[in-house]
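Below is one structure, written out as structure tokens; comments come after it.
Derivation of every value follows stated rules applied to the coordinates shown; laboratory data play no part. Just so we're clear, the structure is a prediction, and the values are computed from it rather than from any experiment. With ideal geometry, Cβ positions are generated from the backbone for all residues, glycine too; neighbour counts draw on all protein chains shown.
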Amino acid sequence: MIEPTIYELSQPGRKGVAFPESDVPAYDLPAGFAREALKLPELSEQDVVRHFTHLSQLNYSIDGGFYPLGSCTMKYNPKINEEMARLPGLANTHPLQPIETVQGNLYIMYQLQEWLQEISGLNRVCLSPAAGAQGELVGALIIKKYHEINNAPLRTKILIPDSAHGTNPATSAMSGFKVVSLPSDARGNVDLEALKAECDETLAGLMLTNPNTLGLFDENVLEVIQLVHEAGGLVYGDGANLNALLGVVRPGDLGFDIMHFNLHKTFSTPHGGGGPGSGPVGVSEALAEFLPSPVVTIIEKGDEETPPFFGFYTPQHTIGRMKAFYGHFGMHIRAYTYIAMHGPAGLLDIAQKAVLNANYLMAQIKEDYTLAYDRTCMHEFVVEGAWEDIPDIHALDISKRLMDYGYHPPTNYFPLIVHEALMIEPTETESKQTLDAFAKAMKAIAKEAREDPDLLQTAPHNTPIRRCDEVKAARDLVLCCWIPE
Amino acid sequence: MFTPHTPQEIEEMLKVVGVETIEELFEKVPEDFRFPELDLPEGLSEMAISAELKELASGNATTEDFISFLGAGAYNHYIPAAVDMILRRGEFYTAYTPYQPEVSQGTLQAIFEFQSLMTELTGMDVSNASHYDGATATAEAANLAYHFFRGKRKKIVVSRSVNPQYRETLRTYMQGLENVQVLGDEPAAGVSGDLNKLLALTDKDTALVIVQYPDFFGRIIDYTKLIEAAHSQGALVAFVFNPTALGLLKPPGEFDVDIAVGDGQPLGIPLSYGGPYLGIFTIKDKYVRKLAGRLVGETEDETGKRAYVLTLTAREQHIRREKSTSNICTNQGLMALAATVYLSLLGKSGFKQVAELCYQKAHYAAEQISKVKGYDLAFPETPFFHEFVVSTPEPVSMINAHLQEHGFLGGYDLSLDYPEMKNKMLIAVTEKITKQDIDDLVAVLEEAHHD
């Protein structure tokens, strides 16, 4: 069964919404600008609802099942978040309204800034970045501007561990830095000798994900940060894996100078099929005046009778504006709700259960799959999705076979430094029963790989479609559906 | 609440892991900093947080309580109920990036349909799966042009009539590129709509010329000559467009532009105090390999069934790392879905009707307001779509304060972005505004004048 495209379902003359007729006189369009044709589909409301309902049913989702997609932190999205973000008093406010008419919004944003500061141990937070990758861009541009203002324009080199997300090197390059990749040592930490060799007067900074994408807390993190600082560089923390650190340790206390938060990873805003994200950035005191504009601030202090009056502030050396308006406010509301419901004890509980779940699952499957690094992990771990004695089976085959068992596969072929990597992150909201069932499936697949490898190589079998011809997609490049004449 | 572990399960799990306590799992965290006490309020129940946020929300003035004439980059359009019903489906909003096509056809096909609708709307060849918003899409257009010329052309020429926040964002993004100059929008350039100054700046060192259509002041300007001149210098041209306007107006593709970007918020996305919105990014075919952001392509599965996958991924950061054009990772998936559902519901006739209603009502409003003593259209000779600039007899902030007392959110005070535009208000009118609303507004303006 193939779901037709919205254009294939279209019937000339059909309508989905009726608007009132115009109640004003008619005015002519300017000559030469009138559009001749606009071929939008024509459907009834029910046609449209059924079509998108059918499409939704072709998706795997957190609400539908276990989603151990490493590094993406596919935790449960509490439903109250969705209700709160849609409160008419919040959702129906225009971004250019006078600030005295939107003090409720500004209170939420200010409080979220304060909470993220407290959680991260950093001094100042700006909520505007649209996603984690944009938060990284903020960080890299701050590093650049900081060195320029401190008369060190020759600091043009950014160090990035080889286990890092691809966004780190891409961001650095986009910001005009030269990227130098740092190897990992045998325990999965940053290789200290390699780091020392790069700590010279051209060093601008280091981008460090900790815990890293191997799910390991860098055992030398304090020394790594100290080395970079002594060489005059700044340390950027990729907050992608902050979920494991909530209430456990504050990156600012460890010496990180800048960090972004992925609200969709750590603070339960929905992943939305690939966005919208939200990537607030926190910085140390020395960098507070470099943050993007605008930052929410208190303009007039309150007292017992009157609440403070909130407004916007442009930092003195700001790197500038990252997007229109103030960030993804709808996501700020959700993250605010989530943090408010958890409090300090609840946040620590998140990190503890996320780490417990990952270690438990790792222990359950390590007999059958080779661990990339056999040590206590944080919120995720990486195994090799291949065995020496069955060379024809790859991480991809295991991933596809997992779908037949009703699971979304782990992240595969990342991090790049692990052969046939399968990166597994269960998150804190999964129960022991779910983890046990998943471990059972992983073990069954390991057995199948030996007894009936074809079953893996031809998987998945029970999904709406089978494996796709990706070469054809890139060669034929059909990026738009058939549109009737 | 959201963590399901019972004390007994925790015991069993710890045993399997081989530790006594959960705390032992964190031994690699430097002891001096381990388990800090966070100074945060104690956790609230769902009932309590719900009450708190409702209380906060009730203190705001909204575009439902007030008759709003605010636009300037965010528009108060009617959103059919079915749009949000679809967005609330957990199968959509709790899914992630469709890296595994076998279990993500819903998201993939929806994005493919989004791409199709955007190419049809703009008359361009290719749309990606979206960018963050109109501002970052504009910045990424410059990024694309810069890389298209391999960094050899150093000038980005941008009109002063492009949304000021988009121009600021563009400058932020350009800081990372070597010796790139953004010019053409200095105060001296003015806002008359005269294109000769932009023309004079465009030369063999220009990578991209950026203009807005309709422009930030709502004006419909004929850029044909500018486009021809830019192309004759080998430069690319980008339009920043308003999608609603394209329900009536000739699409960017017919003007032979190279890139057309815009903000998709008017397509079924709530105002939500500025975000999340939707960056639309469309191009001519020949730039597809320089295009930043995700793309969905049609293909077949191994049984020959039609299927959709993320394609040309070799352009992107997770493969090319420091060699990619942009670091963009997420798109605005759920917002692109909103726009797709919105356009499907409104369809051919509904979308055109909304554009017409905006156009007619804005023109009625402009006619009536300009009859009030002291109020004049700032650009009376230039055609406009659903926004226009009015010269006011007093500072806009004073007029707006008065309007607010009468239940109106007045137009945008242009002096905030344009020092030369004192006493100039940018008024936006959408299909939600009735003739009565406009007549009432005019009555308040007249009354204020007599006060």
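Quick one: if you stick a label point 7 Å off each Cα along the C-beta vector at A:PHE309 and B:PHE35, how many nm between them?
4.6
What shape does chain A take by its C-alpha gyration tensor, where a ≥ b ≥ c are the square roots of the eigenvalues and a/c under 1.5 counts as rounded, a/b above b/c as prolate, and the rest as oblate?
Here chain A falls in the oblate category.
Taking amide hydrogens as modeled 1.01 Å from N in the peptide plane, which residues meet the under 5 Å criterion relative to A:ALA459, leaving out close sequence neighbours?
none
What is the sum of charges, Lys and Arg at +1 and Asp and Glu at -1, for the other residues whose Cβ falls under 9 Å from the Cβ of A:GLY215?
Residues close to A:GLY215 contribute a combined charge of -2.
According to a simple spin-label model (label point 7 Å from Cα along Cα-to-Cβ), what is the distance in nm between B:THR6 and A:SER44?
Once both label points are built, they end up 5.0 nm from each other.
Find how much the distance from B:ASN179 to B:LYS15 grows on full extension, using 0.36 nm per residue of separation minus their present alpha carbon separation; answer in nm with one decimal. Show your work: numbers first, answer last.
Numbers: separation 164, 0.36 × 164 = 59.04 nm, distance 6.01 nm.
Additional length available on full extension: 53.0 nm.
Give me, ordered by chain and number, the residues 5 or more places off A:ASP238 or on other chains with an amide H under 5 Å from its own placed amide H.
For A:ASP238, whose amide H was placed from the backbone, the distant partners under 5 Å are A:LEU208, A:THR209, A:ASN210.
If you take every residue apart from A:ILE119 with its C-beta less than 13 Å away from the C-beta of A:ILE119, what net charge results, scoring Lys and Arg +1 and Asp and Glu -1? Walk me through the numbers before you get to the answer.
Numbers: positive: A:ARG250; negative: A:GLU114, A:GLU118, A:ASP253, B:GLU37, B:ASP39.
The answer is -4.
Once the piece of chain linking B:ALA443 and B:ASP84 is laid out straight, how much longer is it, given 0.36 nm per residue of separation minus the C-alpha distance between them?
125.6 nm
Label 7 Å along Cα→Cβ of B:GLU55; the stretch A:88-130 residues with amide nitrogen under 15 Å?
A:104-105, A:107-108
Which aspartates and glutamates have a Cα lying under 13 Å from the Cα of B:LYS424, excluding residues fewer than 8 positions away in the same chain?
Within reach: B:ASP376, B:GLU387, B:GLU394, B:ASP413.
Calculate how many DSSP beta bridges within the protein assembly as shown are antiparallel, expressed in % of all such bridges and rounded to the nearest 5.
Around 60 percent antiparallel, to the nearest 5.
If N is the number of residues in the stretch B:82-341, what value comes out of its Cα radius of gyration divided by 2.2 N^0.38 Å? Mind showing how you got there, number by number?
On the way: Rg = 18.2 Å, N = 260, 2.2 N^0.38 = 18.2 Å.
The value comes to 1.00.
Determine the shape class of the stretch B:52-182: with a ≥ b ≥ c the square roots of the Cα gyration tensor eigenvalues, call it rounded for a/c under 1.5, and otherwise prolate if a/b is greater than b/c, oblate otherwise.
Values: a/c = 2.13, a/b = 1.26, b/c = 1.69.
Oblate.
For the peptides A:73-81, B:111-119, what is the packing order when you average, over each peptide's residues, the other Cβ atoms within 10 Å and list the highest mean first?
B:111-119, A:73-81
Just to check I understand the Karplus step: with θ = phi - 60° and J = 6.51 cos²θ - 1.76 cosθ + 1.60, what whole-Hz values come out for the stretch A:407-417, glycine and proline as x?
3J(HN,Hα) across the stretch A:407-417, in whole Hz: 10, 7, x, x, 5, 10, 6, 8, x, 5, 7.
Beyond 15 Å, what share of the Cα-Cα pairs of the stretch B:125-183 is found? Please give it as a whole percent.
For the stretch B:125-183, the share of Cα pairs beyond 15 Å comes to 47 percent.
Amide H of A:GLY275 versus every other amide H placed in the peptide plane: which residues, excluding those fewer than 5 positions away on the same chain, fall under 5 Å?
Close amide H contacts, sequence-distant or interchain: B:GLY333, B:LEU334.
Over all pairs of distinct alpha carbons, what does the Kirkwood formula give as the hydrodynamic radius of the stretch A:160-214, in Å?
Taking every pair of different Cα atoms in the stretch A:160-214, averaging 1/r and inverting gives 11.7 Å.
Would you mind checking the pairs A:LYS15/B:LYS352; B:LYS373/B:LYS435; B:LYS352/B:LYS435; A:LYS400/B:LYS15; A:LYS472/B:LYS305; B:LYS250/B:LYS290 and listing those with alpha carbons more than 23 angstrom apart?
A:LYS400/B:LYS15; B:LYS250/B:LYS290
Which order do the peptides A:288-299, B:17-28, A:132-143, B:220-231 come out in when sorted by mean C-beta neighbours inside 10 angstrom, highest first?
A:132-143, A:288-299, B:220-231, B:17-28
I need the phi-derived Karplus couplings for the stretch B:361-373: 6.51 cos²θ - 1.76 cosθ + 1.60, θ = phi - 60°, integer Hz, Gly and Pro marked x.
Computed from phi, the couplings for the stretch B:361-373 are 5, 5, 6, 5, 4, 4, 4, 5, 5, 6, 7, 6, 4 Hz.
Per-residue counts of other Cβ atoms within 10 Å, averaged by peptide: what ranking do you get for B:420-427, A:30-37, A:353-360, A:323-330, highest first? Before the final figure, lay out the partial values.
Details: B:420-427: 19.6, A:30-37: 11.6, A:353-360: 26.0, A:323-330: 28.4.
The densest-packed peptide leads the list: A:323-330, A:353-360, B:420-427, A:30-37.
If R0 is 30 Å, what FRET efficiency do you get for B:GLU27 and A:GLU193 from their C-beta distance, rounded to 0.05?
According to the calculation, E is roughly 0.75.
I'd like the FRET efficiency for A:LEU455 and A:HIS229, computed as 1/(1 + (r/R0)^6) with the beta carbon distance as r and R0 of 60 Å, rounded to 0.05.
Computed FRET efficiency for A:LEU455 and A:HIS229: 0.65.
For the stretch A:201-208, just list the computed ³J(HN,Hα) in residue order, Karplus coefficients 6.51, -1.76 and 1.60, θ = phi - 60°, integers in Hz, with x standing in for Gly and Pro.
6, 9, 6, 9, x, 10, 9, 10
Using the Cα gyration tensor of the stretch A:1-42, with a ≥ b ≥ c the square roots of its eigenvalues, what is the shape: rounded (a/c below 1.5), prolate (a/b larger than b/c) or oblate (neither)?
oblate
What is the ratio of the Cα radius of gyration of the stretch A:350-470 to 2.2 N^0.38 Å, where N is its residue count, to two decimals?
Relative to the 2.2 N^0.38 Å estimate, the stretch A:350-470 comes out at 1.02.
Return the Rg/Rh value of the protein assembly as shown, two decimal places, where both radii are evaluated on C-alpha atoms and Rh is the Kirkwood radius.
0.96
Per DSSP H run of n ≥ 4, the term is -39500 (n - 2.57); total these for the protein assembly as shown, divide by its residue number, and report the mean residue ellipticity at 222 nm rounded to 500 deg cm²/dmol.
Calculated at 222 nm, the ellipticity per residue is -11000 deg cm²/dmol.
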